[in-house]
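Visitor: Sharing a structure below in C-alpha cells format, with a few things to ask.
The values are calculated or read from the model by the stated rules, or taken from the named source; none is laboratory data. Quick caveat: nothing in here was measured; it's all calculated off a predicted structure. When we count neighbours, we look across all protein chains shown, and the Cβ atoms used for this are built from the backbone with ideal geometry, even at glycine. Side chains are part of the model used for accessible areas, which takes the heavy atoms of the whole protein and leaves out ligands, DNA and RNA. Shrake-Rupley method; radii C 1.70, N 1.55, O 1.52, S 1.80 Å.
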Amino acid sequence: ERVRATANVPVTAALLEGPVADALQEHIERSGADLVLMTTHGRGPVSRFWLGSVADQLMRRLHVPILLIRAGAELAPPASVRRILVTLDGSAFAERAIEAALMLGRPFGAEFTLMMVVEPPLPIADPSGLMVVPADPDAERKLQQAAREYLDKQVGRLRALGATANGLPIEGAGAAQVIIAQADKTGSDLVAIASHGAGGVERLVIGSVADKVIRGSTHPTLVVRPPRDAR
C-alpha cells in the first residue's frame, strides 16, 4: 500500500513458505522476473562463508540480474539512476553487464561509463633467481592502446542505440579497489558487473572482482550472472 501510494506502477505481494533462498528462487523463476532488487548486509568473506546470506545464495544461483543495495544506503531522492559505471575486462562474458545496465538506466536517460582496469605488466623473474627483469615499457603502452580501442568499440555500440556513453581505461593494480575508487570519484548511482557466481572454498581462497566490489562498495551494485552457455 505504501508503494502504491507513491508510485504509479502495478504492485503485488507474495508471502512464501520454506527455506528463504529456495522459496525466493522458485518464485523469481516462476514469475519470469527481469530484475531482482534486494538489500545485503555485505558481511566479510569469512563470516559469510560460514553463516551464508540470502543475497549471496541468490547471486550464485540466479541468471536474472540482481540489484544489491547495502543496508543503510539508498538512492538519492527522488530515486533516479543518472550515472552507471559498467565494468568490463574485454570478454564477451563481462559485456553481458551492458545489457542489464541499459535495461535499468535507459528509462532514466542515464549516462554510461564503460570502465576497464589495465593492470601493469609484472616484472619477469630470471630463472636463476638472481635478478628480476623489468617489464617491457612498450607492453604497457600496447595494453593501454588495446583497452582504449576495445572500449571505443563498445561505446560506439551504445551511442548507436541513442545512449550517452564514454570509455574509461584506468591503469592500476587490484581491479576491485580501482573500480570502487572510480565509483566514488564519479558519484556513480550504481555499478554494473558480471559475475561467474563462484562459491564456497573457491571464492574464499581465490576471490573474485565482483565479490570484492559488492562487499567493498557502498554503491548499489547490479550483478549479472549469464547462463553457462553464454560464458
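Visitor: Return the residues of region 96-112 that are more than 21 Å from Ala181 (Cα to Cα) and open to solvent by 40 Å² or more (accessible area, probe 1.4 Å); say none if nothing qualifies.
Guide: Within region 96-112, Arg96, Glu99, Met103, Arg106, Pro107, Phe108, Gly109 qualify.
Visitor: Considering only residues of region 102-125 that are of a type in the set (Val, Ile, Thr) and modelled with pLDDT under 90, which is farthest from Gly174 (Cα to Cα)?
Guide: Pass one, region 102-125, residues of a type in the set (Val, Ile, Thr): 113, 117-118, 124.
So of that shortlist, the ones also modelled with pLDDT under 90 come out as 118, 124.
Numbers: Val118: 10, Ile124: 19 Å.
The qualifying residue farthest from Gly174 (Cα to Cα) is Ile124.
Visitor: Turning to a different aspect of this structure: Any idea which residue in region 41-63 is modelled with the highest pLDDT, counting only those that are surrounded by fewer than 18 Cβ atoms within 10 Å (Cβ to Cβ) and in a loop (DSSP other than H, G, I, E, B)?
Guide: His63
Visitor: Can you tell me which residue within region 16-32, out of those that are within 11 Å of Val54 (Cα to Cα) and free of Cβ contacts under 8 Å to residues at least 24 places away in the same chain, is surrounded by the fewest Cβ atoms within 10 Å (Cβ to Cβ)?
Guide: Looking at the filtered set, the residue picked out is Pro19.
Visitor: A further question follows. Quick check on Leu88: is it under 21 Å from Leu24 (Cβ atoms), modelled with pLDDT of 85 or more and either crowded, with 17+ Cβ neighbours inside 10 Å or basic (Lys, Arg) (or both)? Walk me through it before giving the result.
Guide: Details: under 21 Å from Leu24 (Cβ atoms): no; modelled with pLDDT of 85 or more: yes; either crowded, with 17+ Cβ neighbours inside 10 Å or basic (Lys, Arg) (or both): yes.
When the stated conditions are applied, Leu88 does not pass them.
Visitor: Could you please tell me which pairs satisfy a Cβ distance under 9 Å, a separation of 6+ or placement on different chains, a first residue in region 80-94 that is more than 19 Å from Tyr150 (Cα to Cα), and a second residue that is assigned to a strand (DSSP E or B) and open to solvent by less than 40 Å² (accessible area, probe 1.4 Å)?
Guide: From region 80-94, the pairs are Val81/Leu190; Arg83/Phe112; Arg83/Thr113; Arg83/Leu190.
Visitor: Checking the conditions here, which among Leu158, Leu168, Leu143 is modelled with pLDDT under 90 and outside any loop (DSSP other than H, G, I, E, B)?
Guide: After applying the criteria, what remains is Leu143.
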